[in-house]
1. Might you check whether a residue that is surrounded by 22 or more Cβ atoms within 10 Å (Cβ to Cβ) and at pLDDT 95 or above occurs anywhere in the range 191-200?
2. Scan Asp128, Asp98, Asp150, Asp84 and give me the residue that is within 26 Å of Asp214 (Cβ to Cβ) and not hydroxyl-bearing (Ser, Thr, Tyr).
3. So Gly151 ticks every box in (1) open to solvent by 40 Å² or more (accessible area, probe 1.4 Å); (2) under 30 Å from Glu164 (Cβ atoms); (3) out of contact with any strand residue (DSSP E or B) (no Cβ under 6 Å at 6 or more places or on another chain) but one. Which box is left unticked?
4. I need the strands (runs of 3 or more DSSP E) fully contained in the range 85-186, keeping only those with at least 1 residues that are among the small types (Gly, Ala, Ser), without any contact (Cβ under 8 Å) to a residue 40 or more places away in the chain and within 30 Å of Asp29 (Cβ to Cβ).
5. From Phe106, Phe80, which residue is farther than 21 Å from Ala232 by Cβ and either among the small types (Gly, Ala, Ser) or under 17 Å from the mean Cα position of the chain (by Cα) (or both)?
6. Specify the residue that is nearest to Ala103 (Cα to Cα); the eligible residues are those in the range 39-76 that are open to solvent by less than 40 Å² (accessible area, probe 1.4 Å) and among the polar types (S, T, N, Q).
7. Limited to the range 154-179, what total is found for residues that are among the small types (Gly, Ala, Ser), open to solvent by 10 Å² or more (accessible area, probe 1.4 Å) and closer than 22 Å to Leu119 by Cβ?
8. Can you tell me how many residues within the range 210-232 are open to solvent by less than 10 Å² (accessible area, probe 1.4 Å) and in contact with a helix residue (DSSP H, G or I) (Cβ under 7 Å, 6 or more places away or on another chain)?
Amino acid sequence: MLRRHFITAALAAPVVLRTHAARATEPVDVELVLAVDVSRSVDNEEQEMQFAGYAAAFRDRRLVEAMSRGPIGSIACTLFTWSDWNIQEHLVPWMKLDGPQAAERFAQAIDAAPRRTHLYTSISGAMDYAAKLFGQGFEGTRRVVDISGDGINNSGREVGAAREDALNQGIVLNGLAVLDRTPPPPGLGAMQPLDEYYRERVIGGPGAFLMVADGFESFEQAVRRKIIREVAVAPPPGPLVERATV
């Protein structure tokens with residue numbers, strides 16, 4: 001009986017070890033999810049400005065320096081696009097960024113990502129999808145979602161419910177609101193300004209903030225400043241709302 005017990009234990013041990021290894025995660029200073037709006041209101045030219053802006057940000061030496069100054073000296077980053085409540089495309093997988101070469105690989109992956117446009121704007125769907133991406137190979141001291149968009153939630157569940165669920169998981173929600181200079185079509189009536197909407201209903205969590213881009217022409221400047229602030233080690237208190245203009 002004793003011999004049978006040892007054999008059983010020996011056979012079980014490798015399974016336990018494999019399970020533990022499968023769940024191992026690499027520590028990083030920040031896990032950063034980039035969520036990019038590709039709804040119908042973002043035309044082809046504006047979508048290209050978004051992708052080019054993100055790629056340029058990761059080629060900026062100031063961002064490279066910021067992400068390597070933490071106690072661990074690296075971050076993990078991924079990017080997906082979103083539109084309707086059920087449409088999210090995970091275009092750039094999680095990557096460890098710890099220097100200029102890794103940042104350049106991430107930028108090249110953004111350059112090569114497909115450009116597709118869909119219909120509606122589901123910020124709540126983007127929040128729900130982003131929350132499920134964490135813990136996939138990395139463990140950050142902070143978990144941050146960077147949501148960029150040019151419209152309010154008009155698809156999927158109420159954005160406040162998705163926001164609350166994300167905050168309950170310890171996720172920080174930052175926003176990048178792109179103000180559309182095109183007047184709204186007649187008959188729509190007065191709508192809440194997008195920067196107010198993002199400030200009141202989208203961002204949240206410790207140190208959360210909103211970056212406002214005055215049109216897509218300001219997007220590159222806005223996203224670069226935003227990500228540098230997001231990955232900074234022990235970022236100093238900054239304004240709740242920052243603005244970028246051409």
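The values are calculated or read from the model by the stated rules, or taken from the named source; none is laboratory data. Computed from a prediction, not measured in an experiment: that's the story for all the values here. Every residue, glycine as well, gets a Cβ built from its backbone with ideal geometry; the counts of neighbours run over all protein chains shown. With ligands, DNA and RNA removed, areas are computed over all heavy atoms of the protein, side chains included. Shrake-Rupley method; radii C 1.70, N 1.55, O 1.52, S 1.80 Å.
1. Of the residues in the range 191-200, the ones surrounded by 22 or more Cβ atoms within 10 Å (Cβ to Cβ) are 198.
Filter once more, so that each one left must be at pLDDT 95 or above: 198.
Yes; the residues of the range 191-200 include at least one that is surrounded by 22 or more Cβ atoms within 10 Å (Cβ to Cβ) and at pLDDT 95 or above.
2. On the way: Asp128 fails: within 26 Å of Asp214 (Cβ to Cβ); Asp98 fails: within 26 Å of Asp214 (Cβ to Cβ); Asp84 fails: within 26 Å of Asp214 (Cβ to Cβ).
Only one candidate qualifies: Asp150.
3. With respect to (1) open to solvent by 40 Å² or more (accessible area, probe 1.4 Å); (2) under 30 Å from Glu164 (Cβ atoms); (3) out of contact with any strand residue (DSSP E or B) (no Cβ under 6 Å at 6 or more places or on another chain), Gly151 is out only on (1).
4. 171-178
5. Phe80 is the lone residue from the list that is farther than 21 Å from Ala232 by Cβ and either among the small types (Gly, Ala, Ser) or under 17 Å from the mean Cα position of the chain (by Cα) (or both).
6. Top of the filtered list is Ser74.
7. Step one: list which residues in the range 154-179 are among the small types (Gly, Ala, Ser), which gives 155-156, 160-162, 166, 170, 175, 177.
Going one step further and asking which of them are open to solvent by 10 Å² or more (accessible area, probe 1.4 Å), we end up with 155-156, 160-161, 170.
Going one step further and asking which of them are closer than 22 Å to Leu119 by Cβ, we end up with 155-156, 161.
Here the count works out to 3.
8. Within the range 210-232, the subset open to solvent by less than 10 Å² (accessible area, probe 1.4 Å) is 210-213, 215, 218-219, 222-223, 226-227, 230-231.
Still in the list and also in contact with a helix residue (DSSP H, G or I) (Cβ under 7 Å, 6 or more places away or on another chain): 210-213, 219, 223, 227, 231.
Matching residues across the range 210-232 total 8.
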